[in-house]
Amino acid sequence: QVQLVESGGGLVQPGGSLRLSCRVSGSIFSIDSMGWHRQAPGTQRERVAAIHSDGRTNYADSVRGRFTISRDNAKNTVYLQMNNLKPEDTAHYYCNNWPYSDYPWGQGTQVTVSS
């Protein structure tokens, strides 16, 4: 059974930074492509960024240049470094495999950008 545990969210002022972590257990993490998603109240879940087993990355236009996705295969963990945060980045953030997101969703972590 694959388990995803996200952490690192919080309240930050516009222009601030946060680093999210997602620890994965129960899968062969090193061969998985992994991604971060987010969902704000009243909206559909949105794909934010992805990292493939070979290190290639993809970003949504809304976060490109501000967010960086990375992974540590030794720790079975994928990260999302978020810089220059904007109020519109406020959402609940989740990780899952990419592109099918067919692992059981974790609890996610809340990011709130507000002054």
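A compact table of results
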read-out	value
Radius ratio Rg over Rh of region 1-61, counting only Cα atoms, Kirkwood formula for Rh	0.99
Spin-label pair SER17/THR43, simplified geometry with 7 Å Cα→Cβ offset, distance in nm	2.3 nm
The chain: radius of gyration and largest Cα-Cα distance (Dmax), Å	13.1, 41
In nm, spacing of pseudo-spin labels at HIS52 and GLU88 (7 Å Cα→C-beta vector)	2.8 nm
Cα-centred dipole magnitude for the chain, charges only on beta-carbon of K, R (+1) and D, E (-1), debye, nearest 20	180 debye
Karplus-derived 3J(HN,Hα), 6.51/-1.76/1.60, for each residue of region 40-45, Hz, glycine and proline x	8, x, x, 10, 7, 4
Whole-number accessible area per residue in Å² for the chain, which is evaluated in the context of all protein chains at 1.4 Å	52 Å²
Sum of side-chain charges, ALA40 neighbourhood, beta-carbon under 15 Å (Lys, Arg +1; Asp, Glu -1)	+1
For peptides 3-13, 75-85, 97-107, sequence by mean Cβ density within 10 Å, most packed first	75-85, 3-13, 97-107
Percent accessible area from carbon and sulfur atoms, the chain, protein chains only, probe 1.4 Å	46 percent
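The values are calculated or read from the model by the stated rules, or taken from the named source; none is laboratory data. Keep in mind that this is a model prediction, so the values were computed, not measured. Because the Cβ atoms are built from the backbone with ideal geometry, glycine has one as well, and the counts that use them run over all protein chains shown. Accessible surface areas use protein heavy atoms only, side chains included; no ligands, DNA or RNA. Shrake-Rupley method; radii C 1.70, N 1.55, O 1.52, S 1.80 Å.
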